[in-house]
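What follows is a short report on a single structure.
The values are calculated or read from the model by the stated rules, or taken from the named source; none is laboratory data. All of these numbers come straight from a predicted model, not from anything done at the bench. When we count neighbours, we look across all protein chains shown, and the Cβ atoms used for this are built from the backbone with ideal geometry, even at glycine. The accessibility values were calculated without ligands, DNA or RNA, using every heavy atom of the protein model including side chains. Shrake-Rupley method; radii C 1.70, N 1.55, O 1.52, S 1.80 Å.
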Amino acid sequence: MADKNRTKYLLDEKDIPTKWYNIQADLKTPLPPVLHPGTGQPIGPQDLAPLFPMELIKQEVSRERWIEIPEEVRNVLRLWRPTPLIRARRLEKALGTPARIYYKYEGVSPAGSHKPNTAVAQAYYNKKQGVTRLTTETGAGQWGSALAMACAFFGLQCKVYMVKVSYQQKPYRRVLMETWGAQVVPSPSPDTQAGKKVLEQDPNSPGSLGIAISEAVEDAATRDDTKYSLGSVLNHVLMHQTVVGLETKKQLEKADDEADILVGCIGGGSNFSGFSFPFAADKLAGKKKKLRIIAVEPSACPSLTRGKYAYDFGDTVGLTPLVKMHTLGHTFVPPPLHAGGLRYHGMAPLVCKLYEEGVIEAVAVPQVTTFQAAIQFARTEGIPPAPEAAHAVRVVIDEALRCKKEGKRKTIVFNLSGHGHFDLSAYEAYLTGKLQDYEYPAEKIAEALTHLPQVKG
Ligand SMILES: *Cc1c(COP(=O)(O)O)cnc(C)c1O
C-alpha cells in the first residue's frame, strides 16, 4: 500500500528483481563498435574470450531488453537486497526546502557499496564456466573488496593488484580483502612482465590504476585457469547494477511519489547507470519527458563535461581494445582526489551515448564543497557518504536549494552508492582544514588528448 508518511521504504526479498534491464535494447542506434587496437577492426567474442567467460561476453553485446538473473546470484543478493529507499526528512528540514529528497542506500552491502551487485554475478558466471581464479586491479580497494567477497562465496581464488600508494596508505581495505581470502599484492609487482618492466625503470614507482590493470590482464591472459574481472565501465557491469534502479522504481510507487530529478555520481558510470537506466528507459520510450537525470563528476577529472567523445584505450598503458567514450586521454593522470573511485580518464560508453543524445545531463563539482555537503548529510541523516557519493549529495543539496528559491515542490532521488567508513582520513583532512580544491588541469588534459590513438573513419 502506498504511504507518503514513512521514512524508510522497504521491499521484501521476493521483490529483488528477477531480470536485469539491458538499455542496449532501447537505444535508437547501437553503440559504436569496440575496435581491436592493432587492426582498428571491430572485435568479436573470440577476442575477449581469454579475459571473460562467454556468458558475460554475450551480455556485453546483447540487445535483449531483459536478462534473467540466475537464482544462485539472487540468493547471494538476498544477504543485503533489497536495499532501503530513505526519505531524507531531516536534511529537507535543515535546508528548509519544499522539495522531497529520497536516497537509495547501497552502503548496506557487506563491502559497503553497490559494487558487490556485479561482483557476485561475475564470480558466478566464471565459476559456471569452470574458471577457478580471478584477477583484478583496485585503487582504494572498493572494487577489490567486493570481488574478494564474491570469490569467497563461489569458492574462487582471487588475486588483487592494488595500486602501491593505496596499499601502503590504506591498509584497512587490504585487510578486508585478505579477510575474504584474496591475495593482495602492491602494484607494480614482480609477479608480471608489465610490473617487472616498471620496477626496472623505477623501483619506487607509486603505481597507478593503469599499471595495475596491465598486470591483472596479463596474469589472466597467460593462465588457462584464470580470467579477469572489471568493476565498472563495461555494458554488462552497468546492466548488473540495474537491480538498484528497478527496486527504486517500486519503492517510489510505495511512497506514492514520482521522481522529477535523479542524481548519481560517476567514476566509470556503474552506480549511476544501475540507478538511472530503468528510468531512462521511460524517456527513451517518449514518456516522462521532463525527468532530469544528472550525472555528477569531480571538476578535477571531468570526463563527461570536458572530455572529448573519441576512441581511446581503457587503460593507461594502451593494452585494451579501443572504445568510443568521453575521455581526458588515457595518459592523463588525475590529481590525487579523495574520491579515488572517480579518478578515471574515460567513461562507460553507454553513459556517453545517452549524454550525446541529451537523455542525461552532467555537472562537475569541486572537492571542498563536496565535503561540505557530505558533512551536512552526515549531521542530518547520520551516514557519512563515501567521498564518491558525496558528489551526488552536493548536487542534490544545490537542486533542493534551488527549489526553495523558486518555491517548487520537486521530488529529488539520488543513489547513495556507499558509506565512507573507510575514508575517514579524507573527512579528517576536511575537518582540519587541510582539504584543498584542485584546479581544472587544462594543460595536462590538452596534452593527454594529443595522445589519442588514430582511428580511421
Ligand atoms: C567505485 C565507486 C564509485 C564509482 O564507480 P562507478 O562505476 O562510477 O559507480 C562510486 N561510489 C562508490 C561508493 C564506489 O565504491
Can you give the angle from 0 to 90° between the axis of helix 142-154 and the longest principal axis of the chain, with both taken from C-alpha atoms, to the nearest 10?
80
With each pseudo-label sitting 7 Å past Cα toward Cβ, what's the Gln169-Val455 distance in nm, one decimal?
3.3
Under 5 Å from the placed amide H of Ile69, counting only residues 5+ away or on other chains, we find Lys19, Trp20
Suppose every Lys and Arg Cβ carries +1 and every Asp and Glu Cβ carries -1, with no other charges. What dipole size does the stretch 160-256 come out with about its Cα centre, to the nearest 20 debye?
280
So, in Å, what gap is there between the alpha-carbon centers of the stretch 97-156 and the stretch 406-457?
22
Would you calculate the convex hull of the Cα atoms in the stretch 309-431 and tell me its volume per residue in Å³?
130
Placing unit charges on C-beta atoms (Lys and Arg positive, Asp and Glu negative, everything else neutral), compute the dipole magnitude of the stretch 312-457 about its Cα centre in debye, rounded to 20.
480
Select from Leu284, Ser270, Gln251 the residue farthest towards the positive end of the dipole of the stretch 244-328; place +1 on Cβ of Lys and Arg, -1 on Cβ of Asp and Glu, and compute about the Cα centre.
Leu284
So what are the chain's ellipsoid semi-axes, whole angstrom, largest first, if each one is the square root of 5 times an eigenvalue of the alpha-carbon gyration tensor?
32, 25, 23
Average accessible surface area per residue within the chain, 1.4 Å rolling probe, Å²:
40
Sequence of Leu176, Leu85 from largest to smallest accessible area, 1.4 Å probe:
Leu176, Leu85
For the stretch 255-386, what relative contact order do you get, as a whole percent, if you take Cα pairs closer than 8 Å and at least 6 residues apart?
25
Taking the Cα atoms only, what angle lies between the long axis of helix 209-221 and the longest principal axis of the chain, rounded to 10 degrees?
60
Sum -39500 (n - 2.57) across every DSSP H segment of at least 4 residues in the chain, then divide by the residue count to get the 222 nm mean residue ellipticity, nearest 500.
-12000 deg cm²/dmol
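What's the extension gain from Asp437 to Asp225 if we count 0.36 nm per residue and subtract their Cα-Cα distance?
Full extension of this stretch gives 71.8 nm more.
If I compute solvent accessible area with a 1.4 Å probe over the protein chains, what percent of it on the stretch 1-125 is carbon and sulfur?
Numbers: 3050 of 5650 Å².
Exposed carbon and sulfur together represent 54 percent of the surface.
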So how long is each side of the stretch 364-457 along the principal axes, counting just the alpha-carbon atoms, biggest first, in Å?
51, 36, 22
Which Cys residues of the chain have no other Cys beta carbon under 4.7 Å away?
Cys265, Cys301, Cys352, Cys403
Please turn the phi angles of the stretch 74-89 into ³J(HN,Hα) values with the Karplus equation 6.51 cos²θ - 1.76 cosθ + 1.60 (θ = phi - 60°), one per residue in order, whole Hz, x for glycine and proline.
4, 5, 6, 4, 4, 4, 9, 9, x, 8, x, 9, 10, 7, 7, 4
Find which of Ile86, Ala378, Gln122 sits farthest along the positive direction of the dipole of the chain, computed with +1 on the beta-carbon of Lys and Arg, -1 on that of Asp and Glu, about the Cα centre.
Ile86
What FRET efficiency comes out for the pair Thr132/Thr39, r = Cβ-Cβ distance, R0 = 35 Å, nearest 0.05?
0.65
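Can you check what the net charge comes to around Gln129, using other residues whose Cβ is under 9 Å from the Cβ of Gln129 (Lys, Arg +1; Asp, Glu -1)?
Taking every other residue near Gln129 into account, the sum is +2.
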Using a cut-off of 13 Å between beta-carbons, work out the net charge of the residues near Leu246 (Lys and Arg +1, Asp and Glu -1, Leu246 not included).
+3
Principal-axis tilt of helix 387-406 within the chain, Cα atoms, nearest 10 degrees:
30
Roughly how far apart, in whole Å, are the Cα centres of the stretch 352-371 and the stretch 4-56?
21
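Between rounded, prolate and oblate, where does the stretch 249-374 land on the alpha carbon gyration tensor, with a ≥ b ≥ c its root eigenvalues, rounded for a/c under 1.5, else prolate if a/b exceeds b/c?
On the way: a/c = 2.40, a/b = 1.49, b/c = 1.62.
Because a/c hits 1.5 or more and a/b fails to exceed b/c, the stretch 249-374 counts as oblate.
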Say a paramagnetic label sat at a point 7 Å from the Cα of Arg402, along Cα to Cβ; which residues of the stretch 353-380 have their backbone N under 13 Å from it?
361-364
Under Stokes-Einstein, the stretch 280-321 at 37 °C and 0.692 mPa s, with its Kirkwood radius over C-alpha pairs, diffuses with a coefficient in µm²/s of 245
Using the Karplus equation 6.51 cos²θ - 1.76 cosθ + 1.60 (θ = phi - 60°), what ³J(HN,Hα) coupling, rounded to whole Hz, does each residue of the stretch 95-105 give in order, writing x for Gly and Pro?
7, x, 9, x, 5, 9, 10, 10, 10, 8, 9
